[in-house]
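Engineer: Quick one: the structure is below, questions incoming.
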């Protein structure tokens, strides 16, 4: 199996703008050409799009718009983790030798249909994500005595970190008190505990070890991949454990011969504040303390180890772009190009992306 | 609309049970997800227990376990704050764009 790495990337501003998905995808893909040395259209053998949009044939449309005639081109949809799923498909094509260089472009427009899984009849009329977010939060409070302040710290940290991410949806800091007193969504959720759907597009260029040095002197390798799908229905979930995340992380750690202590920086799928607390525990990143103390300590010491770009809560959540944007952040961190967000001497990073209340999860390990 | 939705529209909450391994198959399906044998349709129990709940505006909602392998999200009618494991009775089920379940607390 060939090694596969990140050879280039590009991302749009995440915003509330209503823009056609076809235009949005082109915007981040063009950036890859503008910022990747020696890249020309004829070198690309694959174009994969990740999105929840209902538009058809987007792989071909994007290819035509940017002047590529790829061997492999299609669209991948897997709700909120469409982006990492598309990257894993591209990885597999390259690792197997079917392709050498693949552009993966993800994007979604605010109001996209990926936020409600209509098939899941077990959710009844409570099919908006805020309802499972509320039940996760309530169950976490019940099991771990988690306080509203401890939840608000997640949001305060991620909003603060998003201020140094030029592409983030939010550039506004919030105090813990402001978050605890923000608009009530349910008895267990405030609006500032929720990630916000928005418009955005992100692209990565993946290349095999045979050709990657043509494009970058500092390739970042995808060394570990783990995925697990438990179900599509929310009602089958445990409410205090992301079991698909546990399973995916074990596979990713094993594949990359990594232990959780080796992880210097991680992008976590904080769809709601409670998800970050659950994920850092289930990814085994907090074995020496509780998740709430771990996050509180990061906040108090201004340590950006978790969600340096601001997470979904601070950066916004354009579903098809989210996983790719997370990968770009870890790539910049490992290349020492993350500017104000930089974690010093980062060598290994983790990406955690999940869908539909963690009925499925993806975990990637990246290293320099 | 499928059979489940049609029945729900008439107020009947029906589920599927495997004819061979007797597992509840939920969401409802013509065949069992465990052994792929045929299922039969039958009415769901109308009593369950609260797994977890929260509240939006004046309405309680939560995850209700009706039978093993059968959980749904529904409204919970209760004069007092509900509790986990509290017994609830299915008061109403319907279908209009989405399925809808309304439960009422029957014990404290």
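Engineer: Assuming R0 = 45 Å, can you tell me the calculated FRET efficiency for the pair residue A:56 and residue B:79, based on Cβ-Cβ distance, to the nearest 0.05?
Structural biologist: 0.30
Engineer: So, one more: Can you work out D for the protein assembly as shown in µm² s⁻¹ from Stokes-Einstein, where Rh is the Kirkwood radius over C-alpha pairs, the temperature is 20 °C and the viscosity is 1.002 mPa s?
Structural biologist: 93
Engineer: Between the alpha-carbon centers of the stretch A:297-368 and the stretch A:1-77, tell me the distance in whole angstrom.
Structural biologist: First find each Cα centre; the distance between them is then 21 Å.
Engineer: Roughly how far apart, in whole Å, are the Cα centres of the stretch A:147-171 and the stretch A:107-146?
Structural biologist: 20
Engineer: Right, something else. Which of A:81, A:244, A:122 moves most in a GNM of chain A, Cα contacts under 10 Å?
Structural biologist: With Cα springs under 10 Å in chain A, the top fluctuation among A:81, A:244, A:122 is at A:122.
Engineer: Label-point separation (nm) for residue B:92 and residue A:145, each offset 7 Å from Cα along Cα-to-Cβ?
Structural biologist: Those two pseudo-labels are separated by 4.1 nm.
Engineer: Please give the average number of partner chain Cβ atoms lying within 10 Å of the Cβ of each residue in B:51-60, rounded to a whole number.
Structural biologist: 6
Engineer: Just want to confirm a number: the relative contact order over chain B, from Cα pairs under 8 angstrom separated by 6+ residues, in percent.
Structural biologist: So the answer I get is 23 percent.
Engineer: Let me ask another. Given labels modelled 7 Å from the Cα in the Cβ direction, how far is it in nm from residue A:230 to residue A:42?
Structural biologist: My value for the distance between the label points is 5.1 nm.
Engineer: Next up: Just rank A:140, B:36, A:171, fewest to most, by other beta-carbon atoms within 10 angstrom.
Structural biologist: B:36, A:171, A:140
Engineer: Then there is this: Under 14 Å from the 7 Å Cα→Cβ point of residue B:106, by amide nitrogen: which residues of the stretch B:16-60?
Structural biologist: Taking a point 7 Å out along Cα→Cβ of residue B:106, the residues of the stretch B:16-60 whose backbone N falls under 14 Å are B:44-50.
Engineer: Cα axis of helix A:21-35 to longest principal axis of chain A: angle in degrees, 0 to 90, nearest 10?
Structural biologist: 60
Engineer: Moving on. For chain A, what is the calculated [θ] at 222 nm in deg cm²/dmol (nearest 500), taking -39500 (n - 2.57) for each run of four or more DSSP H residues and dividing by its residue count?
Structural biologist: Value at 222 nm, helices only: -11000 deg cm²/dmol.
Engineer: From other protein chains only, count the Cβ atoms within 10 Å of every residue's Cβ in B:19-32, then give the mean.
Structural biologist: The mean count of partner-chain Cβ atoms within 10 Å per residue comes to 1.
Engineer: Can you put A:312, B:19 in order of Cβ neighbours within 10 angstrom, beginning with the fewest?
Structural biologist: Going from least to most buried by this count: B:19, A:312.
Engineer: Based on the Cβ-Cβ distance of residue B:22 and residue A:191, what FRET efficiency does E = 1/(1 + (r/R0)^6) give at R0 = 56 Å, to the nearest 0.05?
Structural biologist: Given R0 = 56 Å and the Cβ-Cβ separation, E is 0.80.
Engineer: Run a plain Debye calculation on the stretch A:200-320 (Cα atoms as equal point scatterers, no solvent) and give log10 I(q)/I(0) at q = 0.09, 0.22 Å⁻¹, rounded to two decimals, same order as the q list.
Structural biologist: Log-scaled intensity ratios, in q order: -0.31, -1.44.
Engineer: Against the longest principal axis of chain A, how steep is helix A:291-300, in degrees 0 to 90 to the nearest 10, with axes from Cα atoms?
Structural biologist: With both axes taken from Cα atoms, the answer is about 80 degrees.
Engineer: Can you give the FRET efficiency to the nearest 0.05 for residue A:217 and residue A:64, using r as the Cβ-Cβ distance and R₀ = 30 Å?
Structural biologist: Approximately 0.40, to the nearest 0.05.
Engineer: Would you kindly calculate the translational diffusion coefficient of the stretch B:3-43, applying Stokes-Einstein with the Kirkwood radius from alpha carbon pairs, for 25 °C and a viscosity of 0.890 mPa s, and quote it in µm² s⁻¹ without decimals?
Structural biologist: It diffuses with D of about 245 µm²/s by this estimate.
Engineer: For the modelled label position 7 Å from the Cα of residue A:345 along Cα-to-Cβ, which residues of the stretch A:250-279 have backbone nitrogen atoms closer than 15 Å?
Structural biologist: Flagged as within label range: A:262-265.
Engineer: State, to one decimal in nm, how far the label point of residue A:16 lies from the label point of residue A:96, with both points 7 Å from Cα in the Cβ direction.
Structural biologist: 4.4
Engineer: Follow-up. If one takes the longest principal axis of the Cα atoms in chain A, at what angle in degrees, from 0 to 90 and to the nearest 10, does the Cα axis of helix A:82-96 lie?
Structural biologist: 40
We did not get these values from a lab; they are worked out from the coordinates using the rules stated. Here the structure is a predicted model, which means the values were calculated and not measured. Using ideal geometry, Cβ is built from the backbone for each residue, glycine included, and neighbour counts are taken over all protein chains shown.
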